[in-house]
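Here's the structure, in structure tokens; my notes come after.
The values are calculated or read from the model by the stated rules, or taken from the named source; none is laboratory data. As the structure is a computational prediction, the values presented were derived from the model and not from experiment. With ideal geometry, Cβ positions are generated from the backbone for all residues, glycine too; neighbour counts draw on all protein chains shown.
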Amino acid sequence: MALKKLVAGNWKMNGLAADLGQLVEIARAPAECDVALCLPATLIERASRAAPNFAVGGQDVHASASGAHTGCVSAAMLQDAGARLTIVGHSERREAQHESDADVRAKASAALDAGLEVILCVGESLAVREAGAAVATVSAQLDASLPDRPVTAVAYEPIWAIGTGRIPTMDDIAAMHAALRERLVAAYGEAGGAVRLLYGGSVKGSNAAEIFAVPDVDGALVGGASLTAADFLPIVAAAN
């Protein structure tokens with residue numbers, strides 16, 4: 001089933017008010033695919049005002065609706081600030097913040113409960129890839145991270161490709177996405193076929209068209225290349 005592509009940017013811990021001009025330029029560009037930018041929490045409300053019809057998202061969410069969680073942001077807070085979606089389970093949080101699959105599942109459930117769309121991330125280390133265990137490892141990670149109802153998208157991001165300029169072969173991406181589609185259908189039945197599968201990890205304008213041509217690649221989760229319109233819009237054009 002051909003799904004409408006989604007190109008989502010992740011600014012990570014980058015961006016100040018002065019950088020919102022880049023978002024506005026991205027938001028104004030014609031696009032046949034869906035486009036979103038997941039921003040630092042400090043920018044979400046201002047970005048939503050600057051581009052009110054554009055999909056702005058968060059980069060993480062807490063599993064609890066409220067409470068004594070200093071420094072954390074709830075799904076309701078994201079929504080109140082103007083976010084439409086959020087990322088959960090990014091490898092940089094799984095590794096640096098020691099988030100487990102159970103943590104990711106709980107966060108995804110909380111976001112869905114609040115009405116946010118969810119991009120759920122999975123991916124393997126270089127050691128796992130070189131050991132030939134990438135598909136089995138990432139499939140198991142997805143199974144353990146999925147909430148009870150479908151998320152908007154699953155982003156496959158090989159950890160070793162993030163920000164390195166390296167990417168898997170197109171055959172490797174195809175094999176991984178086919179396995180993830182199989183797991184989504186096993187979890188959700190027919191609805192699993194409508195969950196978009198994004199590829200992430202050193203996506204740029206020069207390789208996006210080749211990646212998007214791979215079966216079951218329904219878009220991209222883009223890091224560094226999403227920080228400027230000049231780098232991000234060629235990826236959007238490739239998805240169009």
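Looking for whichever is of a type outside the set (Lys, Arg) and modelled with pLDDT under 95 here; the options are 202, 206, 226. Which one fits? Quick ask: steps written out before the conclusion?
Working: 206 fails: modelled with pLDDT under 95; 226 fails: modelled with pLDDT under 95.
After ruling out the rest, the residue left standing is 202.
Of everything in segment 4-39 that's surrounded by fewer than 16 Cβ atoms within 10 Å (Cβ to Cβ) and among the hydrophobic types (A, V, I, L, M, F, W, C), which residue is nearest to the chain's Cα centre (by Cα)?
The residue in question is 13.
For segment 138-179, how many residues meet the condition of being under 12 Å from residue 198 (Cα atoms), surrounded by 22 or more Cβ atoms within 10 Å (Cβ to Cβ) and among the aliphatic types (A, V, I, L, M)?
Number of matching residues: 5.
Can you tell me which residues in segment 138-164 are under 21 Å from residue 107 (Cβ atoms), part of a helix (DSSP H, G or I) and in contact with a strand residue (DSSP E or B) (Cβ under 9 Å, 6 or more places away or on another chain)?
Residues of segment 138-164 under 21 Å from residue 107 (Cβ atoms): 138-157, 159, 162.
If we keep only those that are part of a helix (DSSP H, G or I) too, we end up with 138-145, 159.
Correct list: 138, 139, 141, 142, 145.
Restricting attention to segment 118-137, report how many residues are more than 15 Å from residue 182 (Cβ to Cβ) and not in a helix (DSSP H, G or I).
10
Regarding segment 89-106, can at least one residue be identified that is within 26 Å of residue 183 (Cβ to Cβ), β-branched (Val, Ile, Thr) and at pLDDT 95 or above? Steps first, answer last, please.
Let us first name the residues in segment 89-106 that are within 26 Å of residue 183 (Cβ to Cβ), namely 89-106.
Filter again for β-branched (Val, Ile, Thr), leaving 104.
Pick out the ones that are also at pLDDT 95 or above and you get 104.
Yes.
Could you list, in sequence order, the residues of segment 186-240 that are surrounded by fewer than 16 Cβ atoms within 10 Å (Cβ to Cβ) and closer than 22 Å to residue 89 by Cβ?
Passing the criteria: 186, 191, 193, 194.
Just for segment 132-163: of the residues that are in contact (Cβ under 8 Å) with a residue 24 or more places away in the chain and more than 18 Å from the chain's Cα centre (by Cα), which one is nearest to residue 113 (Cα to Cα)? Spell out how you get there, then give the answer.
First pass over segment 132-163, keeping only residues in contact (Cβ under 8 Å) with a residue 24 or more places away in the chain: 134-135, 138-139, 141-163.
Next, from what is left, pick out any that are more than 18 Å from the chain's Cα centre (by Cα): 134-135, 148.
On the way: 134: 31, 135: 30, 148: 11 Å.
The qualifying residue nearest to residue 113 (Cα to Cα) is 148.
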